[in-house]
Amino acid sequence: MQNPAYVLPGATASVARTSEERIASVAAWREAPSFSDAERAVLQLAESVTRLADRSQESVPDALWGEVAEHFGEKELPALILTVALTDFFNRINTTIREHSGTSWG
């Protein structure tokens, strides 16, 4: 996944209420005990979608999509995909222009 420092701070209201320690643990989400099954499923989905170019097989395995769908409804799933895609988009812009995390535009 991209540097979580680009992804998380200020991204959602729930993140704003999240401890810095928990945010820092996103980079090691598989080993971190603080994430729920739903959060782990979303992090795996985000990683899978973000790494589309790294694979020659299906982008999001059916098993993973099914796992995410167990936790989120029909309206939430597209919102998750859009959030991941937009985050990826801004990560690419920030990386290209060498914009550091925590810096606001304008």
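The values are calculated or read from the model by the stated rules, or taken from the named source; none is laboratory data. Predicted model, so just to flag it, every value in this text is computed and none were measured. As a convention, Cβ positions derive from the backbone with ideal geometry for all residues, glycine included, and neighbour counts pool all protein chains shown.
Given the condition in a loop (DSSP other than H, G, I, E, B), within 16 Å of the chain's Cα centre (by Cα) and modelled with pLDDT of 90 or more, answer yes or no: does some residue in segment 79-101 qualify? Reasoning before the result, please.
Looking only at segment 79-101, we keep the residues that are in a loop (DSSP other than H, G, I, E, B), and these are 97-101.
Then drop every residue that is not within 16 Å of the chain's Cα centre (by Cα), which leaves 101.
Pick out the ones that are also modelled with pLDDT of 90 or more and you get none.
No: zero hits.
Among the numbered criteria (1) outside any helix (DSSP H, G or I); (2) at pLDDT below 80, which one does Val15 miss?
Result: Val15 fails condition (1) only.
Kindly evaluate Ala27 against the criterion of being surrounded by fewer than 17 Cβ atoms within 10 Å (Cβ to Cβ), part of a helix (DSSP H, G or I) and modelled with pLDDT under 90.
On the way: surrounded by fewer than 17 Cβ atoms within 10 Å (Cβ to Cβ): yes; part of a helix (DSSP H, G or I): yes; modelled with pLDDT under 90: yes.
Here the answer is yes, as Ala27 does meet what is asked.
Scanning segment 83-103 for residues that are loosely packed, with under 10 Cβ neighbours inside 10 Å and among the β-branched types (Val, Ile, Thr), which turns out nearest to Ser48 (Cα to Cα)?
Thr96
Taking Val42 and the conditions (1) modelled with pLDDT under 90; (2) at negative phi, which numbered condition does it fall short on, given that it satisfies the others?
Unmet for Val42, out of (1) modelled with pLDDT under 90; (2) at negative phi: (1).
Give segment 44-82 a look and list any residue that's among the polar types (S, T, N, Q) and surrounded by fewer than 16 Cβ atoms within 10 Å (Cβ to Cβ), or say none. Working first, answer last.
First, pick out the residues of segment 44-82 that are among the polar types (S, T, N, Q): 44, 48, 50, 56-57, 59.
If the condition is that a residue be among the polar types (S, T, N, Q) and surrounded by fewer than 16 Cβ atoms within 10 Å (Cβ to Cβ), then Ser56, Gln57, Ser59 are the ones that fit.
List the pairs whose first member sits in segment 69-82 and is more than 10 Å from Leu45 (Cβ to Cβ) and basic (Lys, Arg), whose second member is assigned to a helix (DSSP H, G or I) and modelled with pLDDT of 95 or more, and whose Cβ atoms are under 8 Å apart, counting only residues at least 6 apart or on separate chains?
Hits for this filter: zero, empty list.
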